[in-house]
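Asks: After the structure tokens below, expect a handful of questions from me.
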Amino acid sequence: MRAKITYCTLAAVLVVYFVLVGSRGVLLIQQGTLVTVAFGIAVLVLPLIGVWFLWHTTRFARDAGRLARELEAEGGLPPDELRRTPSGRIDRASADEVFDRRRIEAERDPDDWRVWFRLAVAYHDARDTPRARTTMQYAIALHDGRAGGKRAAPRVPEDEPASDGAEPGPTLNPRG
């Protein structure tokens with residue numbers, strides 16, 4: 001609940017910022033000179049990009065939460081079986097073990113959104129956020145019946161996720 005409040009607060013602050021910046025862009029355009037109109041248009045582009053990003057991030061979080069609630073109702077949420085360091089961080093070797101099991105599940109049943117959801121959680125636990133997000137997007141598309149033509153299934157990696165700081169490739173291959 002704390003994360004939702006923080007997210008909503010930050011989103012509201014961003015919306016206020018977008019309105020303020022947008023109003024400055026409109027004022028610049030109303031000046032009517034070539035330079036101020038060009039600056040005004042440039043200033044208006046920034047809030048538009050911000051609104052687009054905020055909308056897609058909010059939609060992703062809402063859709064992932066919807067899948068999590070549905071999976072919880074089915075009793076299919078992955079259990080927290082990860083070892084932790086004394087500071088509370090997830091042990092990397094433990095995350096890799098769980099990841100291997102989730103990868104095998106995804107290979108066995110690639111058409112089930114539930115296994116892709118659990119694989120996305122395993123990526124997240126292994127601190128591989130880009131692949132976690134891509135995999136969760138695929139789980140959402142599978143769940144909603146949109147995974148057919150537009151978005152191909154992410155390639156299931158053959159090993160553990162990439163180590164921290166590694167650049168993700170265009171596929172989910174940790175070595176590529």
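Asks: Please find, among D63, D80, the residue that is part of a helix (DSSP H, G or I) and acidic (D, E).
Replies: Testing whether each residue is part of a helix (DSSP H, G or I) and acidic (D, E) leaves just D63.
Asks: Okay, next question. Sort out which residues of the stretch 6-47 are open to solvent by 100 Å² or more (accessible area, probe 1.4 Å) and closer than 30 Å to A64 by Cβ, and write them in order of number.
Replies: L10, Y17, L46
Asks: Restricting attention to the stretch 153-169, does a residue exist that is within 21 Å of D63 (Cα to Cα), surrounded by 12 or more Cβ atoms within 10 Å (Cβ to Cβ) and at pLDDT below 90?
Replies: yes
Okay, residues lined up against (1) more than 17 Å from P154 (Cβ to Cβ); (2) charged (D, E, K, R):
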site	(1), (2)
A64	no, no
E70	yes, yes
A93	yes, no
R101	yes, yes
R114	no, yes
T135	no, no
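Asks: Of the residues that sit in the stretch 86-133 and are polar (S, T, N, Q) and touching a helix residue (DSSP H, G or I) at 6+ places or on another chain (Cβ under 9 Å), which one is farthest from G145 (Cα to Cα)?
Replies: Here the answer is S94.
Asks: Follow-up question, since we're still on this one. List the residue pairs whose Cβ atoms are under 7 Å apart, where the first residue sits in the stretch 24-35 and is under 18 Å from L46 (Cα atoms), the second is part of a helix (DSSP H, G or I) and open to solvent by 70 Å² or more (accessible area, probe 1.4 Å), and the two are 6 or more positions apart or on different chains.
Replies: What qualifies is L28/F39; I29/I41.
Asks: Considering only the stretch 35-78, state which residues are touching a helix residue (DSSP H, G or I) at 6+ places or on another chain (Cβ under 6 Å), of a type outside the set (A, V, I, L, M) and within 23 Å of I5 (Cα to Cα).
Replies: P47, G50, D63
The values are calculated or read from the model by the stated rules, or taken from the named source; none is laboratory data. Quick caveat, the model's predicted, so the values are computed rather than measured. All Cβ positions, glycine included, derive from the backbone under ideal geometry; neighbour counts span all protein chains shown. Protein only, heavy atoms only, side chains kept; ligands, DNA and RNA dropped before computing areas. Shrake-Rupley method; radii C 1.70, N 1.55, O 1.52, S 1.80 Å.
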